Amino acid sequence: MDDLIADLHIHSKYSHDSLMSPEGVVKQAKKAGLTCIAITDHDTIRGGVEGKKAGEKYGIRVIAGSEIKTDCGDIIGLNLHDEIRVTGWKEVIAAIRSQGGLVVLPHPYREHTHVEEIAPLVDFIETGNGRSTPEQNAAAAGLAVRAGKPQTYGSDAHILSEIGAVQVRIDPVSYQCREILKFRLAAEDEIRRSRITSLVKQKKFGTLITQGAHRLGKKLWRP
């Protein structure tokens, strides 16, 4: 069985700040060489639900999720089938778990508070976000290590050209992250992009943000 090539944080037109159709997201993911994506629209699972149907058409594994705005910052739920209607962060985590979903703390050092309190209670921490700075991603990696949590990676794409800007290779048998294939910061200047590319090539940045990442939960990839 071939490895999964994944981007685990993408938005569609059902987010207020994106215009991409779910089918368009899936088509672009296919073009970018991805075989697995998570569509995580702001406060709704509509994009993910539509995306799963398109995924069957194009041969892409689509995880339906949502990036929910809480009183302490965004929290992502994956493998969702019902909308999350609450906004308190503890209630959001409980609501995700009540439907068998997985809880991700995305870009914890961008517009979040109380991350040290939240981190131990989630399933994953996003430590490689394509719209975060290298410093923010490194801080997130440190948080994941301290909390003993596995890590996730995603482009946080809002436009087509960002889809697949972050790519990781996943072993479909052990569900471990084999390596970071691509990591491009969409919002950074050329100097920072060069810096992050250099660090990835040297495996320094990859080593930092993948500490603990090899325990990616098998539940994440269930059909």
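The values are calculated or read from the model by the stated rules, or taken from the named source; none is laboratory data. Here the structure is a predicted model, which means the values were calculated and not measured. Every residue, glycine as well, gets a Cβ built from its backbone with ideal geometry; the counts of neighbours run over all protein chains shown. We work out accessible area using only protein heavy atoms, side chains counted, and drop any ligands, DNA or RNA first. Shrake-Rupley method; radii C 1.70, N 1.55, O 1.52, S 1.80 Å.
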For this session: Look at Ala54 and say whether it is at pLDDT 95 or above, more than 24 Å from His112 (Cβ to Cβ) and in contact with an Asp or Glu (Cβ under 9 Å, 6 or more places away or on another chain).
Result: yes
Exercise. What do you reckon, is Ile5 over 20 Å from Leu105 (Cα atoms), in a strand (DSSP E or B) and not basic (Lys, Arg)?
Worked result: yes
Exercise. Within the range 19-54, can you find the residues that are open to solvent by less than 10 Å² (accessible area, probe 1.4 Å) and closer than 22 Å to Leu185 by Cα?
Worked result: Val25, Val26, Ala29, Leu34, Cys36, Ile37, Ala38, Ile39, Thr40, Asp41
Seminar exercise, completed: Matching residues in the range 114-147 (in a loop (DSSP other than H, G, I, E, B) and either of a type in the set (Gly, Ala, Ser) or open to solvent by 70 Å² or more (accessible area, probe 1.4 Å) (or both)) number 4
For this session: Within the range 12-20, identify whether any single residue is at pLDDT below 95, outside any helix (DSSP H, G or I), among the acidic types (Asp, Glu) and under 27 Å from Val173 (Cβ atoms), and answer yes or no.
Result: no
For this session: Tell me, please, whether a residue that is at pLDDT below 50 and assigned to a helix (DSSP H, G or I) can be found in the range 155-166.
Result: no
